[in-house]
Amino acid sequence: MMWSYILKLVVLLPLVCGLLIGCLYLWRRLEARMPGNQGERMLKVRETMMVSTGTKLAVLEFEGRRLLVSVSRAGVTLIDKAE
């Protein structure tokens, strides 16, 4: 009885630790791709807002300028620019 417990412990403990290390590694690699953290990019999405089904307003920042665009199924339309 005791040997089966030790055998399970020896096999499952490294497996669980390996899964934990793998998840942490993937989290660090994919963290830059998450919407809240965009890293050091030239184009940043500052805010988005749903206007209606299939239509979204987005504020983009590019080279110190802010751009208000409308995104829909038909495409992307520039609405306004600000310095």
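The values are calculated or read from the model by the stated rules, or taken from the named source; none is laboratory data. If you're wondering where the values come from, they're calculated on a predicted model, not measured in any experiment. Areas reflect the complete protein model, heavy atoms only, side chains present, ligands, DNA and RNA absent. Shrake-Rupley method; radii C 1.70, N 1.55, O 1.52, S 1.80 Å.
Given 6, 21, which one is open to solvent by less than 80 Å² (accessible area, probe 1.4 Å) and not polar (S, T, N, Q)?
Values: 21 fails: open to solvent by less than 80 Å² (accessible area, probe 1.4 Å).
6 is the lone residue from the list that is open to solvent by less than 80 Å² (accessible area, probe 1.4 Å) and not polar (S, T, N, Q).
Within the stretch 26-34, is there a residue that is open to solvent by less than 60 Å² (accessible area, probe 1.4 Å) and under 17 Å from the mean Cα position of the chain (by Cα)? Let's see the steps before the verdict.
Step one: list which residues in the stretch 26-34 are open to solvent by less than 60 Å² (accessible area, probe 1.4 Å), which gives 32.
Imposing the further condition that a residue be under 17 Å from the mean Cα position of the chain (by Cα) reduces the set to 32.
Yes, the stretch 26-34 contains a residue that is open to solvent by less than 60 Å² (accessible area, probe 1.4 Å) and under 17 Å from the mean Cα position of the chain (by Cα).
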Condition first: of a type in the set (Gly, Ala, Ser) and assigned to a strand (DSSP E or B). Now tell me which residues in the stretch 57-83 satisfy that. 58, 70, 72, 75, 82
